[in-house]
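Notes to accompany the following structure.
The values are calculated or read from the model by the stated rules, or taken from the named source; none is laboratory data. Quantities reported herein were computed from a predicted structural model and do not represent experimental measurements. As a convention, Cβ positions derive from the backbone with ideal geometry for all residues, glycine included, and neighbour counts pool all protein chains shown. Note: areas computed on protein heavy atoms with side chains; ligands, DNA, RNA excluded. Shrake-Rupley method; radii C 1.70, N 1.55, O 1.52, S 1.80 Å.
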Amino acid sequence: EDLGDTWHHAQPCPNIGLNEATAVVLDDDTVLLNSRAYIGGHPAGQRALTRSRFTMDHEVHYEETIYHPTLVDSAVQASTLRIETERGAVVLFANPAHPEARRRLTVRATFDAGATWPVAREIDNGLSAYSDMVLQADGKVGVLYERGNQGGIAYVKFTLDWLMGRPERAPELKEEGEP
(Lines give C-alpha, C1' and ligand atoms only; values in the text may rest on other atoms or scores of the structure.)
Protein backbone atom coordinates (compact mmCIF):
# COMPACT_ATOMS: atom_id res chain seq x y z
CA GLU A 1 0.00 0.00 0.00
CA ASP A 2 2.87 2.42 0.70
CA LEU A 3 5.57 1.11 -1.66
CA GLY A 4 7.20 -1.01 1.01
CA ASP A 5 7.48 1.48 3.88
CA THR A 6 5.42 -0.76 6.17
CA TRP A 7 4.86 -4.49 6.13
CA HIS A 8 2.17 -6.78 7.51
CA HIS A 9 2.61 -10.42 8.43
CA ALA A 10 0.18 -12.66 6.55
CA GLN A 11 -0.87 -16.17 7.39
CA PRO A 12 1.31 -18.85 5.77
CA CYS A 13 0.14 -21.20 3.05
CA PRO A 14 -1.80 -23.96 4.81
CA ASN A 15 -0.20 -26.84 2.90
CA ILE A 16 2.36 -28.90 4.79
CA GLY A 17 5.46 -29.97 2.90
CA LEU A 18 5.95 -26.89 0.73
CA ASN A 19 9.10 -24.81 0.99
CA GLU A 20 11.60 -22.71 -0.94
CA ALA A 21 8.79 -21.04 -2.87
CA THR A 22 9.27 -18.49 -5.60
CA ALA A 23 6.46 -16.14 -6.59
CA VAL A 24 5.25 -13.99 -9.46
CA VAL A 25 2.36 -11.56 -9.67
CA LEU A 26 -0.05 -12.46 -12.47
CA ASP A 27 -2.13 -10.20 -14.70
CA ASP A 28 -5.15 -10.49 -12.40
CA ASP A 29 -3.04 -9.43 -9.37
CA THR A 30 -3.06 -12.91 -7.87
CA VAL A 31 0.28 -14.32 -6.78
CA LEU A 32 1.45 -17.65 -8.17
CA LEU A 33 3.60 -19.53 -5.65
CA ASN A 34 5.81 -22.22 -7.15
CA SER A 35 7.14 -24.45 -4.35
CA ARG A 36 9.44 -27.34 -3.76
CA ALA A 37 7.14 -30.07 -2.48
CA TYR A 38 7.18 -33.05 -0.16
CA ILE A 39 4.33 -35.46 0.48
CA GLY A 40 4.57 -37.57 3.62
CA GLY A 41 8.17 -36.45 4.08
CA HIS A 42 9.24 -37.64 0.61
CA PRO A 43 9.88 -35.54 -2.50
CA ALA A 44 6.68 -35.18 -4.51
CA GLY A 45 8.53 -35.38 -7.84
CA GLN A 46 6.56 -32.36 -9.06
CA ARG A 47 6.37 -28.67 -8.22
CA ALA A 48 3.43 -27.39 -6.17
CA LEU A 49 1.56 -24.39 -7.59
CA THR A 50 -0.63 -22.32 -5.28
CA ARG A 51 -2.46 -19.13 -6.23
CA SER A 52 -3.15 -16.52 -3.60
CA ARG A 53 -4.74 -13.12 -3.43
CA PHE A 54 -4.54 -10.35 -0.89
CA THR A 55 -7.56 -8.53 0.51
CA MET A 56 -7.69 -4.91 1.65
CA ASP A 57 -7.65 -6.04 5.30
CA HIS A 58 -4.26 -7.75 4.77
CA GLU A 59 -5.67 -11.25 4.62
CA VAL A 60 -4.27 -13.79 2.19
CA HIS A 61 -6.60 -16.26 0.54
CA TYR A 62 -5.03 -19.39 -0.92
CA GLU A 63 -6.55 -21.54 -3.62
CA GLU A 64 -6.06 -25.30 -3.71
CA THR A 65 -2.46 -26.35 -4.27
CA ILE A 66 -1.87 -28.29 -7.48
CA TYR A 67 1.06 -30.63 -8.05
CA HIS A 68 1.79 -29.91 -11.71
CA PRO A 69 2.71 -33.04 -13.70
CA THR A 70 4.73 -31.09 -16.29
CA LEU A 71 6.97 -29.48 -13.66
CA VAL A 72 9.12 -32.49 -12.81
CA ASP A 73 11.31 -31.80 -9.78
CA SER A 74 13.82 -33.63 -7.61
CA ALA A 75 13.06 -31.45 -4.56
CA VAL A 76 15.34 -28.50 -5.23
CA GLN A 77 14.97 -24.73 -5.15
CA ALA A 78 13.91 -23.26 -8.49
CA SER A 79 13.20 -19.83 -9.96
CA THR A 80 10.43 -17.97 -11.76
CA LEU A 81 10.39 -14.73 -13.72
CA ARG A 82 7.52 -12.78 -15.27
CA ILE A 83 8.29 -10.87 -18.45
CA GLU A 84 6.03 -8.45 -20.31
CA THR A 85 6.20 -8.86 -24.07
CA GLU A 86 4.36 -7.17 -26.91
CA ARG A 87 2.09 -10.25 -27.02
CA GLY A 88 1.37 -10.29 -23.28
CA ALA A 89 2.99 -11.68 -20.17
CA VAL A 90 5.06 -14.83 -20.13
CA VAL A 91 6.14 -16.57 -16.92
CA LEU A 92 9.40 -18.49 -17.01
CA PHE A 93 10.37 -21.33 -14.67
CA ALA A 94 13.85 -22.84 -14.29
CA ASN A 95 14.81 -25.98 -12.39
CA PRO A 96 16.70 -29.26 -12.72
CA ALA A 97 13.95 -31.15 -14.58
CA HIS A 98 14.70 -34.67 -13.41
CA PRO A 99 12.46 -36.68 -11.05
CA GLU A 100 15.28 -37.97 -8.84
CA ALA A 101 18.57 -36.19 -9.53
CA ARG A 102 19.64 -32.58 -9.61
CA ARG A 103 20.44 -32.44 -13.31
CA ARG A 104 19.01 -31.20 -16.62
CA LEU A 105 18.57 -27.49 -15.89
CA THR A 106 15.53 -26.59 -17.98
CA VAL A 107 13.62 -23.37 -18.59
CA ARG A 108 9.90 -23.59 -19.26
CA ALA A 109 7.36 -20.94 -20.29
CA THR A 110 3.66 -20.49 -19.60
CA PHE A 111 1.32 -18.08 -21.33
CA ASP A 112 -1.78 -18.97 -19.29
CA ALA A 113 -0.65 -18.16 -15.74
CA GLY A 114 0.76 -21.61 -15.00
CA ALA A 115 -2.08 -23.83 -16.22
CA THR A 116 0.13 -25.27 -18.98
CA TRP A 117 3.87 -25.13 -19.68
CA PRO A 118 4.10 -25.80 -23.43
CA VAL A 119 7.64 -24.50 -23.98
CA ALA A 120 10.74 -26.18 -22.53
CA ARG A 121 14.42 -25.85 -23.44
CA GLU A 122 17.27 -27.60 -21.69
CA ILE A 123 20.13 -25.31 -20.69
CA ASP A 124 22.51 -27.80 -19.09
CA ASN A 125 22.20 -31.60 -19.25
CA GLY A 126 24.70 -32.08 -16.44
CA LEU A 127 24.47 -31.55 -12.71
CA SER A 128 22.59 -28.45 -11.63
CA ALA A 129 20.89 -27.18 -8.51
CA TYR A 130 19.63 -23.84 -7.20
CA SER A 131 18.99 -21.12 -9.76
CA ASP A 132 17.84 -17.54 -10.14
CA MET A 133 16.66 -15.67 -13.23
CA VAL A 134 16.80 -12.02 -14.22
CA LEU A 135 15.74 -9.93 -17.20
CA GLN A 136 18.88 -8.15 -18.38
CA ALA A 137 18.92 -4.58 -19.70
CA ASP A 138 19.58 -5.95 -23.21
CA GLY A 139 16.34 -7.97 -23.11
CA LYS A 140 18.03 -11.34 -22.64
CA VAL A 141 17.16 -13.64 -19.75
CA GLY A 142 20.04 -14.49 -17.44
CA VAL A 143 20.15 -17.64 -15.30
CA LEU A 144 22.63 -17.98 -12.45
CA TYR A 145 22.83 -21.57 -11.21
CA GLU A 146 24.86 -24.11 -9.29
CA ARG A 147 26.51 -26.84 -11.35
CA GLY A 148 26.09 -29.54 -8.74
CA ASN A 149 27.68 -29.48 -5.30
CA GLN A 150 31.26 -29.23 -6.58
CA GLY A 151 30.80 -27.76 -10.06
CA GLY A 152 30.82 -24.10 -9.15
CA ILE A 153 28.50 -21.36 -10.32
CA ALA A 154 27.53 -20.73 -13.94
CA TYR A 155 25.66 -17.93 -15.69
CA VAL A 156 23.87 -18.41 -18.98
CA LYS A 157 21.87 -15.89 -20.99
CA PHE A 158 19.41 -16.40 -23.81
CA THR A 159 16.69 -14.62 -25.75
CA LEU A 160 13.00 -15.43 -25.69
CA ASP A 161 13.34 -16.28 -29.39
CA TRP A 162 15.80 -19.07 -28.50
CA LEU A 163 13.47 -20.31 -25.76
CA MET A 164 10.52 -20.41 -28.14
CA GLY A 165 12.54 -22.50 -30.60
CA ARG A 166 13.05 -19.79 -33.16
CA PRO A 167 16.35 -19.93 -35.04
CA GLU A 168 19.12 -18.45 -32.95
CA ARG A 169 22.40 -19.63 -31.51
CA ALA A 170 22.54 -21.48 -28.21
CA PRO A 171 22.73 -19.66 -24.87
CA GLU A 172 26.02 -18.08 -23.87
CA LEU A 173 27.54 -19.78 -20.82
CA LYS A 174 30.03 -18.12 -18.50
CA GLU A 175 31.84 -20.19 -15.88
CA GLU A 176 32.61 -18.90 -12.39
CA GLY A 177 35.48 -16.44 -12.49
CA GLU A 178 35.10 -15.48 -16.17
CA PRO A 179 34.60 -11.79 -16.96
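For the chain, what does the accessible surface come to per residue with a 1.4 Å probe? Please give it in Å².
Solvent-accessible surface per residue comes out at 56 Å².
Please get the size of the charge dipole for segment 1-71, origin at its Cα centre, with Cβ charges of +1 on Lys and Arg and -1 on Asp and Glu, quoted in debye to the nearest 20.
560
Can you give the charge dipole size of the chain about its Cα centre, rounded to the nearest 20 debye, using +1 on the beta carbon of Lys and Arg and -1 on the beta carbon of Asp and Glu?
Roughly 820 debye for the chain.
Pulled fully out, how much extra length does the chain show between VAL60 and ASP28, if you take 0.36 nm times their separation in residues and subtract their Cα-Cα distance? Please report the intermediate quantities before stating the final value.
Working: separation 32, 0.36 × 32 = 11.52 nm, distance 1.50 nm.
Here the answer is 10.0 nm.
For the chain, what does the convex hull of the Cα positions come to per residue, in cubic angstrom?
Convex hull of Cα atoms, per residue: 149 Å³.
Grab the beta carbon distance between GLN11 and THR85, set R0 = 35 Å, and tell me the FRET efficiency rounded to 0.05.
Numbers: r = 34 Å, r/R0 = 0.97.
Calculated transfer efficiency: 0.55.
With all protein chains present, how much of the accessible area of the chain (probe radius 1.4 Å) comes from carbon and sulfur, to the nearest whole percent? Intermediate values should be presented prior to the final figure.
Working: 5240 of 10050 Å².
About 52 percent, which is the carbon plus sulfur part of the accessible surface.
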